[in-house]
Amino acid sequence: MRSLVALGDSFTEGVGDPWPDRSACRGWADRLAEILAAQEPDVRYANLAIRGKMLAQVLDEQVPAAAAMRPDLVTIAAGGNDLLRPRVDPDLLAEPFNAAIEQLTAAGSRVLIFAGFNPSLFPLIRMIRRRAAIFNAHLRAIARQHDCLLVDLWTMRVLSDPRMWHEDRLHLSPEGHRRVALRTAEELGVPVEASWRDPLPPVQRAPGAGPVWLAARRLDVQWARGYAAPWIHRRLAGVSSGDGMSPKRPDLVPL
């Protein structure tokens, strides 16, 4: 495996896992490329993912570019932003996704598909659980049909720990991104020095911290003010967090 192109939205861009200088996001895809480079120093890597992208945008803007690069491996994770819309039909989302996989495999690339997270951990977001489950069922079927690799995030129980998530409750924390990179490397058969299954240490609560339920409600209020309200405002205004952004690694070049 000498070349990798990653496609998708904020999950693949790496939101929630900034580089130390915060000049860009790192994320699971960058971490995976580093793992691959440790095995094959000349590996080339492109990341076309941009936060806020809907499935149609990923398929129209990123898939043709990836097919033209003809890499050994293409990873694709898309559709999560669509599922956050209340009237989306997950069955209809699967049709264009399948066509995109056919385009990528026809270009000679091996494709790795991500089935989405179980959104049951946090209030409000868990309302999309049924739609997410239906869409994931389609993705698993598409992976079998086209002999794609599959990383099933839904079954990664370690991600049910809130510490694996950014405070916005939509994106992974640095540790969550690290675990996904390890899980993806495992699917690719690439040796790693750590296990994504290792549990986190128990939470140490400070003396006098008060009831757990009260602390949780305070976090809910902070989340609603700091993240839910701005998200709703963007939806009403018809804008996206990724508007005007360009891919962080648009070209297939060595690390």
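The values are calculated or read from the model by the stated rules, or taken from the named source; none is laboratory data. If you're wondering where the values come from, they're calculated on a predicted model, not measured in any experiment. Backbone-built Cβ (ideal geometry, glycine too); neighbour counts: all protein chains shown.
Values as computed for the structure displayed
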item	result
Number of positions in the range 138-157 that are surrounded by 14 or more Cβ atoms within 10 Å (Cβ to Cβ), assigned to a helix (DSSP H, G or I) and among the hydrophobic types (A, V, I, L, M, F, W, C)	5
Residue in the range 71-91 that is surrounded by the fewest Cβ atoms within 10 Å (Cβ to Cβ), counting only those that are free of Cβ contacts under 8 Å to residues at least 40 places away in the same chain and more than 21 Å from F11 (Cβ to Cβ)	R87
Candidates I125, I134 - the one that is modelled with pLDDT under 95 and in contact with a Pro (Cβ under 9 Å, 6 or more places away or on another chain)	I125
Single residue of G16, G52 found to be surrounded by 14 or more Cβ atoms within 10 Å (Cβ to Cβ) and either among the polar types (S, T, N, Q) or under 24 Å from A94 (Cα atoms) (or both)	G52
The range 9-38, subset of a type in the set (F, W, Y) and in a helix (DSSP H, G or I), residue nearest to S241 (Cα to Cα)	F11
Unmet requirement for L182, which otherwise passes all of (1) among the aliphatic types (A, V, I, L, M); (2) more than 26 Å from S23 (Cα to Cα); (3) modelled with pLDDT of 70 or more	(2)
Boolean, L104 is part of a strand (DSSP E or B) and among the hydrophobic types (A, V, I, L, M, F, W, C)	no
Conditions (1) under 30 Å from A107 (Cα atoms); (2) in a loop (DSSP other than H, G, I, E, B); (3) free of Cβ contacts under 8 Å to residues at least 60 places away in the same chain: number failed by E193	(1)
The one condition in (1) surrounded by fewer than 22 Cβ atoms within 10 Å (Cβ to Cβ); (2) over 21 Å from G176 (Cα atoms); (3) under 20 Å from the mean Cα position of the chain (by Cα) that E34 fails to fulfil	(2)
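Rundown of residues vs (1) without any contact (Cβ under 8 Å) to a residue 40 or more places away in the chain; (2) buried (at least 16 other Cβ atoms within 10 Å of the Cβ); (3) not in a loop (DSSP other than H, G, I, E, B), yes/no style:
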residue	(1), (2), (3)
E95	yes, no, yes
L112	no, yes, yes
L121	no, no, no
I128	no, yes, yes
L159	no, yes, yes
G176	no, yes, yes
E187	no, no, yes
